[in-house]
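The values are calculated or read from the model by the stated rules, or taken from the named source; none is laboratory data. Keep in mind it's a predicted model, so treat the numbers as computed, not measured. Positions of Cβ are generated from backbone atoms using ideal geometry, with glycine treated the same way; all protein chains shown enter the neighbour counts. Each accessible area value is taken on the protein alone, full model and side chains, heavy atoms only, with ligands, DNA and RNA left out. Shrake-Rupley method; radii C 1.70, N 1.55, O 1.52, S 1.80 Å.
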Amino acid sequence: MKKSILEKFSLKGKVAVISGTTRGLGQSLAEALAEAGASVVALDRSDTPHMRRFCKAAGTPFERIRVDLVKASKKDLERIAEGIVKKHSRVDILVNNAGISRRGEVWEFTEKDWRDVLKVNLTVPFCLSRAFAKTFMQQGSGKIIKIASMLSFQGGIRVPAYASSKHGIVGLTKSFAIGLGPYGVNVNAIAPGFMATDLTLPLQQDPDRNASILKRIPIGRWGSGDDLKGTLIFLASPLSDYVNGAVIPVDGGWLAS
Ligand code: NAI
């Protein structure tokens, strides 16, 4: 029987891998995947008691694989991907969410900060996308969703590594979309606007920055993880099968203003 439009949003029976789910946007995104029925495999360096409880209540399997994405080698990431595919016999959705930022003036920004940020925000998404690519290709289906940023389009203030990594995520999204599209795999990115999480605490707590940010958002408030759930589930579902290489802003209108 033909599925209804609402049934097509269901992720029942799908296996979703997502990095960084202990808090912030990743936690909300993982909640959405679980609510839509997917089994959730979380990659994080810390434990995720909230997600464990949430998935139990939602009746979906949850597993956390411990990994520090600053330290993980290419081999570690490949081993993790192989283990997930072996255990579940498939993988349907990869969400590259985990991200870090370091602040500093461009003239004194350290190479260590540069390396760590580029590693977590760009190299890890590349390595994990590559590690799962063959499985997606063999299945003839798969959804890779990257988390970009307003700083995929702008330079930001005192965040040279972060802005560079998020510009890079757009290139990575497009190149993988071109490479994997012919195999039935969609690769897209969500570009959240200014979202109230730990990552943006320094901005929220700076009265001048906070006021200037709010002034530019037509919707008039900071975003939250809940604001990303609809776009994520759309991009993870078959309803987005013809969306490929897109970077979708969810920003309250920031880019438009
Ligand atoms: P957050 O700092 O609140 O959470 C980051 C998550 O990544 C946590 O679960 C943390 O445990 C995990 N993580 C961090 N370093 C890790 C490491 N070395 N190894 C393993 N896991 C690690 O950040 P937030 O705000 O939730 O950001 C999530 C994503 O959204 C990032 O890619 C960020 O760049 C992006 N983003 C955030 C925006 C915002 O306004 N908060 C705006 C645009 C993009």
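Of note:
- Tail fraction, Cα-Cα pairs, segment 127-257, threshold 20 Å, whole percent: 48
- Nonpolar atom fraction for segment 1-122, defined as the carbon and sulfur part of the 1.4 Å probe accessible area, stands at 52 percent.
- Checking the Cα-Cα distances for LYS112/LYS134; LYS12/LYS112; LYS12/LYS146 against a 30 Å cut-off, the pairs over it are LYS112/LYS134; LYS12/LYS112.
- Taking the C-alpha atoms only, the angle from helix 24-35 to the longest principal axis of the chain is near 20 degrees.
- Distance from segment 81-104 to segment 207-257 (C-alpha centre basis), Å: 22
- Accessible area per residue (1.4 Å probe, heavy atoms of protein chains only) ranks TYR183, TYR242, TYR162 as TYR242, TYR183, TYR162, with the largest value leading.
- Excluding same-chain neighbours fewer than eight residues apart, the aspartates and glutamates reachable from LYS8 by a Cα-Cα span under 17 Å are GLU35, ASP92, ASP241.
- Viscosity 0.890 mPa s, 25 °C: Kirkwood-radius Stokes-Einstein D of segment 92-153 over Cα pairs, µm²/s: 185
- In this structure ARG90 has an accessible area near 80 Å², from a 1.4 Å probe over the protein heavy atoms.
- Per residue solvent-accessible surface (Å²) - segment 1-138, probe of 1.4 Å: 53
- Accessible area of segment 183-257 divided out per residue, in Å², using a probe of 1.4 angstrom: 47
- In whole percents, the pair-distance distribution calculated for segment 1-106 from its alpha-carbon pairs, binned every 10 Å from zero, is 14, 44, 29, 10, 3, 0.
- Cα gyration tensor category, rounded, prolate or oblate, for segment 56-192 with a/c compared to 1.5: prolate
- Annotation: peptides 184-196, 149-161, 165-177, 76-88, ranked by per-residue average of other Cβ atoms within 10 Å with the highest first, follow the order 184-196, 165-177, 149-161, 76-88.
- ASP241 accessible area, 1.4 Å probe, all protein chains in place, Å² to nearest 10: 90
- 16 Å tail of the calculated P(r), segment 132-189, as % of Cα pairs: 45
- The chain, Rg to Rh (Cα coordinates; Rh as Kirkwood inverse mean 1/r): 0.95
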